[in-house]
Amino acid sequence: MESGAVPGQRGVVITDRTVNFGDLYTLSQNAGGIEFSLVSQRVYGQLVKVLYSGDAWVSPVPFGARPIAHVHPNVIPGQEVPSLADINLLSDRYYEKLLANPNARPEPSRIVWGAGNTDNTIYYGGVGKEYTIIKTPKGNQIVYQ
């Protein structure tokens with residue numbers, strides 16, 4: 001990635017133990033405002049973090065991967081809020097887990113909308129739920145009612 005190339009649909013394994021979400025946003029802006037997705041997935045039997053890129057409005061998340069975060073690079077009203085497609089993706093992952101374990105809990109993901117450490121929104125999958133956004137010192141959080 002130092003070469004200026006983006007990972008695209010093939011993805012690139014991230015070897016750092018921690019990833020700063022603000023760095024993902026900066027990477028997105030430096031790449032011309034495209035979406036990046038950071039996921040956890042198995043590669044050759046090992047659980048690793050993989051970074052994918054798409055276009056200005058979507059980035060790939062492979063089947064079976066757990067979405068950790070993705071960038072909303074476009075500065076528009078609602079940039080901080082998950083889209084219906086975002087929520088549907090997490091809902092699908094949650095229902096896959098429920099089939100294997102009826103006690104499974106939904107896992108969170110984040111929308112990264114700025115370069116600061118707290119410029120992100122935590123959200124969960126769910127169907128037919130109303131939600132509100134709560135601003136916290138660690139970023140926005142979606143709360144379902």
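Just so you know, all these numbers are worked out from the coordinates, no wet-lab data involved. Just so you know, these numbers come straight off a predicted model, no measurement behind them. Reconstructed Cβ throughout: ideal geometry from the backbone, glycine too, with neighbour counts over all protein chains shown.
A DSSP coil position with no more than 14 other Cβ atoms inside 10 Å describes the following chymotrypsin sites (Phe, Trp or Tyr not before Pro) in the range 52-92: Trp57, Phe63.
Computed over the alpha-carbon pairs of the range 12-144, the distance histogram in 10 Å steps reads 13, 43, 36, 8, 0 percent, short to long. Close amide H contacts of Ile68 (hydrogens built in the peptide plane, cut-off under 5 Å, sequence separation of 5 or more or a different chain): Leu38, Val39, Ser40.
Each Lys and Arg adds +1 at its Cβ and each Asp and Glu adds -1 at its Cβ; summed about the Cα centre, the range 12-144 shows a dipole of about 440 debye.
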